[in-house]
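Here's the structure we're looking at; comments come further down.
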Amino acid sequence: MAQSGRTASHPPNRVFRDFGRAAGGALIFSLPMLMTMELWSLGFYLDRLRLLLLVVVTLPLLVLLSRHIGFERTRGWRSDVFDSLIALGVAAVISAVVLFLLGVIDAETSLDAVLGKISIQMIPASIGALLAKSQLGAGSGDDPEEQDESWWGELFLMAVGALFLGLNTAPTEEVMVISYQMTHWHALALVVLSLLLMHGFVFSVGFAGGSEVSSEERWWSAFIRMTLPGFIIALTVSFCLLWLFARTDGLSFDSAL
């Protein structure tokens, strides 16, 4: 029998398990940000056009992420959109509940502030909800077929990783303080160290999702093919986040860099 988008119809317990896993991923991956004062403040005063842009950009990113590692293997974009909307919904509920329990929002908080705080927090939470399949799943037995990532697919996942990790630090005041403390030599040393660590993580230390350099390929070829583009992606995502969070407003090019 033909199937519209899912690879199979799942029993109710499988559906509840997927929702529970998504909620767990949203909570675990976003908890540090849910407890960050700078993000609470940004949800209140951040320009609403920038906040809307962040939410609008997140949806297609979630759809693409669902194509790679959603709640289950899908065959159509309609299912990926559905998974993404579920992730956003679960993330919004988790964010609202946690912020309420922490006393960040209450009955006296204005509706605009509530929506702003939840909107900015549900971005990392929704990514965590989708990442729950690969990070909180039972293992390969859950999804026996392994996908071979294309070069573009690997670069996309680098961008997602940069976005998720950047959301932890970009809103904080420490980024501003560190930028003033660092000299040009510190910045240059940090760039070199970042490149070395990235290359090692991807090709040398055997992390999940890493790659191996074939004996026929020179090290500099892998560096140019994966590490350098990954660094440029991380740099671009970092700048976009800092701009969205108004951390670059009024700064010179040198200070922003």
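The values are calculated or read from the model by the stated rules, or taken from the named source; none is laboratory data. On a predicted model such as this, the values are computed, not experimentally measured, just so you know. With ideal geometry, Cβ positions are generated from the backbone for all residues, glycine too; neighbour counts draw on all protein chains shown. Protein only, heavy atoms only, side chains kept; ligands, DNA and RNA dropped before computing areas. Shrake-Rupley method; radii C 1.70, N 1.55, O 1.52, S 1.80 Å.
Things to note:
- Only one of Ser211, Ser221 that is assigned to a loop (DSSP other than H, G, I, E, B), open to solvent by less than 50 Å² (accessible area, probe 1.4 Å) and modelled with pLDDT under 85: Ser211
- Annotation note: Cβ proximity below 6 Å between a residue of segment 76-105 that is outside any helix (DSSP H, G or I) and a residue that is among the aliphatic types (A, V, I, L, M) and surrounded by 15 or more Cβ atoms within 10 Å (Cβ to Cβ) (sequence gap 6+ or interchain) occurs for Ile105/Leu99; Ile105/Val114.
- Flag if Leu195 is at pLDDT 90 or above, open to solvent by less than 60 Å² (accessible area, probe 1.4 Å) and over 24 Å from Trp40 (Cβ atoms): yes
- Annotation note: Cβ proximity below 9 Å between a residue of segment 179-191 that is within 19 Å of Gly230 (Cβ to Cβ) and a residue that is part of a loop (DSSP other than H, G, I, E, B) (sequence gap 6+ or interchain) occurs for Ala187/Leu257; Leu190/Met182.
- Residue in segment 30-51 that is in a helix (DSSP H, G or I), free of Cβ contacts under 8 Å to residues at least 60 places away in the same chain, loosely packed, with under 15 Cβ neighbours inside 10 Å and among the aliphatic types (A, V, I, L, M) present: yes
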